[in-house]
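K.L.:
This is the structure I want to talk about, given as structure tokens.
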Amino acid sequence: MITKKYAEFKNLDPFFNAFTTGLGSLVKGEHFWDYIGEDITYDFRYRFPGLPEKIVGRDELMKCFAGVCDIEILYSNSNLIVHQTTDPRVIVLECEIQGKSLRSGKPYENRFACILTVENQKIVYWRDYMDSLAAFTTHGENN
């Protein structure tokens, strides 16, 4: 569901929808950003030029994702796999996304594996394993 409050993130809806489907009733809210805890820690596990290694706080994470909206539009997600763990607060989501780079005009495809910790129906910790090379070669300055 898109609300005016989150309209600037519309380009990323297929990514967000994968989380909505994968997390189900573990999180609460009308939009992806409602699922994110105020003090979330977001760790990038692979280094990507121009991105920090860690983001702390919902507002900072929203700023980072807003920047992504400026460079890509996503059309779909596929191959969502949800892994339960022995810790009921921790879930692993894998998915693929498809879209287009707004910088280069090239098709954009990426794969993600995200390890999420959920407390009180909010994501409080997120370890992100995305295919950084796919992002760099599709959106990179040299393209």
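K.L.:
Of the residues that make up the range 45-55, is at least one over 16 Å from Asp131 (Cα atoms), touching a Gly at 6+ places or on another chain (Cβ under 8 Å) and part of a strand (DSSP E or B)?
P.N.:
No, there is no match, as no residue in the range 45-55 is over 16 Å from Asp131 (Cα atoms), touching a Gly at 6+ places or on another chain (Cβ under 8 Å) and part of a strand (DSSP E or B).
K.L.:
In the set Leu61, Leu74, Leu51, which member is under 21 Å from Val118 (Cα atoms), hydrophobic (A, V, I, L, M, F, W, C) and out of contact with any Ser or Thr (no Cβ under 8 Å at 6 or more places or on another chain)?
P.N.:
Leu61
K.L.:
Check Gly57 against each of (1) farther than 17 Å from Phe15 by Cα; (2) exposed (fewer than 13 other Cβ atoms within 10 Å of the Cβ) and name the one condition it does not meet.
P.N.:
(2)
K.L.:
Kindly provide the set of residues from the range 91-131 that are buried (at least 19 other Cβ atoms within 10 Å of the Cβ) and over 25 Å from Lys28 (Cα atoms), ordered by number.
P.N.:
Residues satisfying the conditions are Gly99, Tyr108, Asn110.
K.L.:
Out of (1) modelled with pLDDT under 90; (2) closer than 19 Å to Trp33 by Cβ; (3) of a type outside the set (Asp, Glu), what's the single condition that is false for Gly105?
P.N.:
All conditions are met except number (2).
K.L.:
Give the residue that is surrounded by the most Cβ atoms within 10 Å (Cβ to Cβ), with candidates limited to residues of the range 61-79 that are over 11 Å from Lys10 (Cα atoms) and hydroxyl-bearing (Ser, Thr, Tyr).
P.N.:
Looking at residues that are over 11 Å from Lys10 (Cα atoms) and hydroxyl-bearing (Ser, Thr, Tyr), I get Ser76.
K.L.:
Looking only at the range 67-117, how many residues end up being among the small types (Gly, Ala, Ser), without any contact (Cβ under 8 Å) to a residue 24 or more places away in the chain and assigned to a strand (DSSP E or B)?
P.N.:
Qualifying residue count for the region: 2.
The values are calculated or read from the model by the stated rules, or taken from the named source; none is laboratory data. The structure presented is a predicted model; accordingly, all values stated were derived computationally and were not measured. All Cβ positions, glycine included, derive from the backbone under ideal geometry; neighbour counts span all protein chains shown.
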